[in-house]
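Structure record follows, encoded as structure tokens.
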Amino acid sequence: MGSPVTSRADAVATILDALDATVREAIAKASAKTNGGRDIDAHQPHAERVAYLATEVEAAKRLRAYADELGSEGGRDPQIDDMALVFAAEVAAKATSQLDAHLEDFGLDAAFLDRTLAAPAVRAAIRAALRDDRLTALGRHQLATRGVNNGRIDEIAGMARDAVRQFAATEVAPMAEHLHRHDELIPEALIRKMAELGYFGMAVPEEYGGGGMGNLVMIVTTEELSAASLAGAGSLITRPEILTKALLKGGTPAQKEKWLPPIASGDVMVGVSVTEPDTGSDVASIACRADAAERDGRRGYVINGAKAWCTFAGRANVLALLTRTDPNVKLGAKGLSLFIVEKETFPGHAFEMRQPGGGLLTGKADATPGYRGMHSFTLMFDNFFVAAENLVGEEGGLGKGFYLQMAGFAAGRLQTGGRATGLAQAALQRTAEYANDRKQFGKAIGEFGLTQHKLGRMATHIAAARQLTYAAARAMDEDESIALLPAMAKLFASDVAVWVTQEGQLLHGGWGYAEEFPISRYVVDATVLPIFEGVKPILELKVIARTLFA
Ligand SMILES: Cc1cc2nc3c(=O)[nH]c(=O)nc-3n(C[C@H](O)[C@H](O)[C@H](O)COP(=O)(O)OP(=O)(O)OC[C@H]3O[C@@H](n4cnc5c(N)ncnc54)[C@H](O)[C@@H]3O)c2cc1C
């Protein structure tokens, strides 16, 4: 972009130093104000503001780290360098105006702002970074490469990316539109092929028949599958990931032996059932109950109550079901336990399963505008019997369900960072292709400066979402118990997917609204991403802000 690499690197450093100082101070003040996070509810709007700012700054740092890493390996990429600069500057420009508008809420004064984000050197760096010609040049590069991502990555993950990209193009993409428009169930043949390639066992250790490939390979696999079809392929991996992590954390040795191999081989398909019709975010208040019982001489539990939004519950062979095992509601989360509920598989939008001893499980899928292919069910359990050995952790797992579920959700959120990045990537590619091909006013719409500017910003945000998600994956390889980075990756990448798909739709004009153009599917699919696995405000307040302020 005309500016030498050193000055570009200096500019990123200047901006990120100011952002870093701001976030650290903002968190310290918010922590004091909320009594270490315990009184967040009295300051929700501000807690959300700080949580989001911290997330964006984390994404900016990870993108810069990636740019530097490429540089230190001798493969400096001027596109990535520019994206790192632009993204840091966008975050800083937004933070400056937020700080200015909410200085008192931040507990900071004008002098602090003047020393950091509003310091003359920082303001000059932001202005130079956000020059329109820098963004339009980034957009022109996307047009020239049709948006394709071939960014450098570890060798094994790179090989996985190539292989999955090929598989997704030949096996998933051709059926994605049909599956969506007819709201059909994912074909068995596809599930089998994915199973044979080991896609359901990536989180399962090798000793239990899994790939043991680590989280980065799982993420690039998810990205490529989700780019072809979010609901028809990328999201199939989420449920086994969640149950696998819960079992690894709290299952007995016998339970791991019994369940992990068939999960890894794809012989057992999983649904995850936490949400209830009247209880979503307030998980500790769920009412569906499991009471100790004996049936046909077997010890176990009978389940009674309703569940909502259980994705894939029809086809699944087992449901990871969170229930209340202690009737004392005052115990909240401590009264919950996690069960593996075995069930028959059903292909349609409604099912009924009767047990010989009198138990009944019914399910009915709720129609949705997107995220079709797995179907999300409202369930009703009526004296449905589950054997005692299916309580995760058995006797020792009583009351631990919430914690096991949250461990599973952290893995699910990491995976959703990959899902969202993949979907946004698909939108970028379709839009770059369309902008090259569509002509108005005598030229390709990609030749207009505003189109280039938009494509440049879209690609930049996707790059930031991707590097934040990869960083979360690597961090989770080091420490399975982390929750903050996966939550940040899920939060940010989901927002990027919603925004990028909608920008892409606009750039398609009227055809972006036609079902025949995949961008219309990407838009409706993306909007679910900020909703599940902790709806956005809850993720911001109860996971990110709470962790940061503690
Ligand atoms: C397509 C789809 C698939 C899904 N799949 C699954 C699945 O497989 N398994 C499963 O268990 N669930 C699933 N879900 C459910 C999903 O996880 C929940 O919808 C989500 O957790 C939010 O719960 P809720 O819908 O009850 O919203 P609510 O909890 O009612 O929240 C609604 C809004 O209220 C506000 N709010 C609530 N509490 C607070 C608070 N303390 N502070 C501030 N604001 C607050 C927020 O703005 C929030 O967005 C799915 C949902 C969808 C749409």
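The values are calculated or read from the model by the stated rules, or taken from the named source; none is laboratory data. If you're wondering where the values come from, they're calculated on a predicted model, not measured in any experiment. Please note: Cβ atoms are built from the backbone with ideal geometry, for glycine as well, and neighbour counts cover all protein chains shown. For accessibility, only protein heavy atoms count, side chains too; no ligands or nucleic acids. Shrake-Rupley method; radii C 1.70, N 1.55, O 1.52, S 1.80 Å.
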Determine, yes or no, whether Phe409 is modelled with pLDDT of 95 or more, surrounded by 24 or more Cβ atoms within 10 Å (Cβ to Cβ) and either aromatic (Phe, Trp, Tyr) or in a strand (DSSP E or B) (or both). no
Step by step: first the residues of the stretch 476-503, then only those that are closer than 24 Å to Tyr403 by Cα and surrounded by fewer than 23 Cβ atoms within 10 Å (Cβ to Cβ), then the one that is nearest to the ligand (Cβ to nearest atom). Which residue is that? Ala483
With the first residue restricted to the stretch 138-164 and required to be over 16 Å from Gly504 (Cβ atoms), and the second required to be open to solvent by 30 Å² or more (accessible area, probe 1.4 Å), Cβ contacts under 6 Å at 6 or more apart or on different chains are His141/Gln79
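Within the stretch 154-219, considering only helices (runs of 4 or more DSSP H) that don't extend past its boundaries, which have at least 2 residues that are β-branched (Val, Ile, Thr) and more than 27 Å from Asp366 (Cα to Cα)?
Working: elements: 155-167, 173-182, 188-196.
Here the list reads 155-167.
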Filter the stretch 347-371 down to the residues that are open to solvent by 50 Å² or more (accessible area, probe 1.4 Å) and within 16 Å of the ligand (Cβ to nearest atom) and list them by number. His349, Lys364, Asp366, Ala367, Pro369
Output the qualifying pairs, or none if there are none: Cβ atoms under 7 angstrom, residues six or more apart or on different chains, first residue in the stretch 521-550 and closer than 21 Å to Phe402 by Cβ and charged (D, E, K, R), second residue within 11 Å of the ligand (Cβ to nearest atom) and open to solvent by 40 Å² or more (accessible area, probe 1.4 Å). Glu540/Glu48
Going residue by residue through the stretch 533-546, is there one that turns out to be of a type in the set (Asp, Glu), more than 16 Å from the ligand (Cβ to nearest atom) and under 18 Å from the mean Cα position of the chain (by Cα)? no
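Here's the yes/no breakdown for (1) more than 28 Å from the chain's Cα centre (by Cα); (2) closer than 22 Å to Asp82 by Cα; (3) open to solvent by less than 50 Å² (accessible area, probe 1.4 Å):
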position	(1), (2), (3)
Arg123	yes, yes, no
Asp132	yes, yes, no
Thr136	yes, yes, yes
Val204	no, no, yes
In the stretch 168-212, how many residues are touching an Asp or Glu at 6+ places or on another chain (Cβ under 9 Å) and over 28 Å from Ala514 (Cα atoms)? 9
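Could you tell me whether the stretch 76-88 includes any residue that is small (Gly, Ala, Ser), open to solvent by 40 Å² or more (accessible area, probe 1.4 Å) and under 24 Å from the mean Cα position of the chain (by Cα)? Reasoning before the result, please.
Residues of the stretch 76-88 small (Gly, Ala, Ser): 84, 88.
Filter once more, so that each one left must be open to solvent by 40 Å² or more (accessible area, probe 1.4 Å): none.
No, the stretch 76-88 contains no residue that is small (Gly, Ala, Ser), open to solvent by 40 Å² or more (accessible area, probe 1.4 Å) and under 24 Å from the mean Cα position of the chain (by Cα).
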Here are some conditions: (1) modelled with pLDDT under 95; (2) more than 16 Å from the ligand (Cβ to nearest atom). Tyr470 meets all but one. Which one does it not meet? (1)
I'm checking my understanding of the structure. Among residues of the stretch 504-519 that are touching a residue at least 12 places away in the same chain (Cβ under 8 Å) and open to solvent by less than 20 Å² (accessible area, probe 1.4 Å), which one is farthest from the ligand (Cβ to nearest atom)? His508
What's the number of the only condition in (1) within 16 Å of the ligand (Cβ to nearest atom); (2) open to solvent by less than 20 Å² (accessible area, probe 1.4 Å) that Pro530 fails to meet? (2)
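Do we find that Arg146 is modelled with pLDDT of 95 or more, on the phi > 0 side of the Ramachandran plot and of a type outside the set (Gly, Ala, Ser) in this structure? It would help to see each step written out before you state the result.
Values: modelled with pLDDT of 95 or more: yes; on the phi > 0 side of the Ramachandran plot: yes; of a type outside the set (Gly, Ala, Ser): yes.
Answer is yes for this residue.
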